[in-house]
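> Quick one: the structure is below, questions incoming.
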Amino acid sequence: MTRRKRIEEIDYIRAIAAIGILIIHATGGFAVHSEYGSKAMYLGIFLNQFFRFGSPIFMMLSGLVLFYNYRSINELDIGRYYKKKVKFIFLPYIIWSSNNQSLLLENFI
């Protein structure tokens, strides 16, 4: 399979979506812990709801990139695809989770 040209604009869209998700996480606690009926609470809720576009954008970009890289079923090597996903997603997840779990257990023992 030949590599297709990288679409650099996708990186900019990913950055905007990531900022939106960061704002969602930052304003979630702010909206909940502010005094009920205050301007701070309403601002937190507004920002939290306004930046909810981040997650759907990541999903759409994943579909776009998958379709762009593998336009026909003949181009998709399932074994190679999943081996790459295990290597770059699953293994780091397992390593990070076990490391994080050991740190949590160390604090409680």
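> Among the residues of segment 71-82, is there at least one that is among the hydroxyl-bearing types (Ser, Thr, Tyr), part of a helix (DSSP H, G or I) and under 21 Å from the mean Cα position of the chain (by Cα)?
Pass one, segment 71-82, residues among the hydroxyl-bearing types (Ser, Thr, Tyr): 72, 81-82.
The next check asks that each one be part of a helix (DSSP H, G or I); those that pass are 81-82.
From the residues that got through so far, the ones that are under 21 Å from the mean Cα position of the chain (by Cα) too are 81-82.
Checked against the condition, which is being among the hydroxyl-bearing types (Ser, Thr, Tyr), part of a helix (DSSP H, G or I) and under 21 Å from the mean Cα position of the chain (by Cα), segment 71-82 yields at least one hit.
> Just to be sure before I move on: is residue 48 touching a Lys or Arg at 6+ places or on another chain (Cβ under 8 Å) and surrounded by 11 or more Cβ atoms within 10 Å (Cβ to Cβ) in the structure I sent?
Numbers: touching a Lys or Arg at 6+ places or on another chain (Cβ under 8 Å): no; surrounded by 11 or more Cβ atoms within 10 Å (Cβ to Cβ): yes.
In short, no.
> Would you mind stating whether residue 69 is in contact with an Asp or Glu (Cβ under 9 Å, 6 or more places away or on another chain) and closer than 26 Å to residue 10 by Cβ?
Working: in contact with an Asp or Glu (Cβ under 9 Å, 6 or more places away or on another chain): yes; closer than 26 Å to residue 10 by Cβ: yes.
Considered against the rule, which asks whether it is in contact with an Asp or Glu (Cβ under 9 Å, 6 or more places away or on another chain) and closer than 26 Å to residue 10 by Cβ, residue 69 comes out as yes.
> Please verify whether segment 94-109 includes one or more residues that are touching a Gly at 6+ places or on another chain (Cβ under 7 Å) and of a type in the set (Ser, Thr, Tyr).
Kept after step one, since they are touching a Gly at 6+ places or on another chain (Cβ under 7 Å), are these residues of segment 94-109: none.
Among the residues of segment 94-109, not one is touching a Gly at 6+ places or on another chain (Cβ under 7 Å) and of a type in the set (Ser, Thr, Tyr), which makes the answer no.
> Out of segment 12-21, which residues are within 13 Å of the chain's Cα centre (by Cα) and without any contact (Cβ under 8 Å) to a residue 12 or more places away in the chain? Outline the logic, then answer.
Going residue by residue through segment 12-21, those that are within 13 Å of the chain's Cα centre (by Cα) are 13-21.
Of everything in segment 12-21, just one residue is within 13 Å of the chain's Cα centre (by Cα) and without any contact (Cβ under 8 Å) to a residue 12 or more places away in the chain, namely 15.
> Condition first: hydroxyl-bearing (Ser, Thr, Tyr) and surrounded by 11 or more Cβ atoms within 10 Å (Cβ to Cβ). Now tell me which residues in segment 3-30 satisfy that.
To start, the set of residues in segment 3-30 that are hydroxyl-bearing (Ser, Thr, Tyr) comprises 12, 27.
Selection gives 27 alone.
> Further question: Out of segment 57-70, which residues are assigned to a helix (DSSP H, G or I) and of a type in the set (Phe, Trp, Tyr)?
Filtering segment 57-70 down to residues assigned to a helix (DSSP H, G or I) leaves 57-69.
Of everything in segment 57-70, those that are assigned to a helix (DSSP H, G or I) and of a type in the set (Phe, Trp, Tyr) turn out to be 58, 67, 68.
> Being without any contact (Cβ under 8 Å) to a residue 12 or more places away in the chain and surrounded by 12 or more Cβ atoms within 10 Å (Cβ to Cβ) is the filter here; which residues of segment 31-42 pass it?
Residues satisfying the conditions are 34, 40, 41, 42.
Any read-out appearing in this document is the output of simple, stated calculations on the displayed coordinates, not a laboratory observation. Quantities reported herein were computed from a predicted structural model and do not represent experimental measurements. With ideal geometry, Cβ positions are generated from the backbone for all residues, glycine too; neighbour counts draw on all protein chains shown.
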